[in-house]
Amino acid sequence: MSKLTHFNQDGKAHMVDVGEKSVTLREAVAGGEIHMQPDTLQLIIEGGHQKGDVLGIARIAGIMAAKRTADLIPLCHPLMLTHVEVELTPDPARNCVRCRSIVETRGQTGVEMEALTATQIALLTIYDMCKAVDRGMHMQNICLLEKKGGKSGHWQRETA
């Protein structure tokens, strides 16, 4: 098993030194979903929510969150992101909105945390905008789906 990299030899938390790593294209894809009542999902799909375009606002929130990840997660490196995409797809058969976030950079460390943060914040924004009509919404299956680049190369979640 690999060691935890955010602790030094004395067991103290530190920011990992990536200075000697190669600059490569790094990409991460994360996903998740928010489940809700059918009427809530219908409001979102029809654009009938009093607060406006729920999915459009959630998409922007996810993009903004990816850009601010280092401000939220204490030991994350601030990164110059080259691409952030947040896809929000209503799924009426499952009464949910699925989120898929793709983040890219050319740098010395990966963007997994940025993709996960974008996904979580986009879903939280949907919750915030719709909680007045459905406090029972719940998020699940938030996870890294794929990462590319760096020393460890390509990794993809196995589907069940």
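The values are calculated or read from the model by the stated rules, or taken from the named source; none is laboratory data. Model, not experiment: these values are computed from the prediction. Counting neighbours? That spans all protein chains shown, and the Cβs are built from the backbone with ideal geometry, glycine included. Areas reflect the complete protein model, heavy atoms only, side chains present, ligands, DNA and RNA absent. Shrake-Rupley method; radii C 1.70, N 1.55, O 1.52, S 1.80 Å.
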Check: Just how much of Arg106 is accessible, in Å², when a 1.4 Å probe is used and the result is rounded to the nearest 10?
Finding: 140
Item checked: Net charge contributed by nearby residues that have their C-beta within less than 13 Å of Asn95 (K/R +1, D/E -1) -> -2
Margin query: Could you tell me the center-to-center distance, by alpha carbons, between the range 91-129 and the range 57-85 in angstrom?
Written below: 10
Notebook entry, point to check: In terms of solvent-accessible area of protein heavy atoms at a 1.4 angstrom probe, what is the ranking of Val84, Val133, highest value first?
Noted result: Val133, Val84
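Let me check I've understood the local charge: for Leu72, count other residues with C-beta under 15 angstrom from its C-beta, Lys and Arg +1, Asp and Glu -1. What total comes out?
Taking every Cβ under 15 Å from that of Leu72, the sum is -1.
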Margin query: Could you give each residue of the range 95-107 its phi-based ³J(HN,Hα) in whole Hz, using Karplus coefficients 6.51, -1.76, 1.60 with θ = phi - 60°, and x for Gly or Pro?
Written below: 6, 8, 10, 8, 10, 9, 10, 10, 10, 10, 8, 10, x
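Name the shape class, rounded, prolate or oblate, that the alpha-carbon gyration tensor gives for the range 54-118, where a ≥ b ≥ c are the square roots of its eigenvalues, rounded holds for a/c under 1.5, and otherwise prolate holds if a/b is larger than b/c and oblate otherwise.
prolate
Per 0.36 nm of contour for each residue apart, how much would the distance between Thr82 and Arg68 grow if the chain were fully extended, relative to their Cα-Cα spacing?
Full extension from Thr82 to Arg68 adds 3.7 nm.
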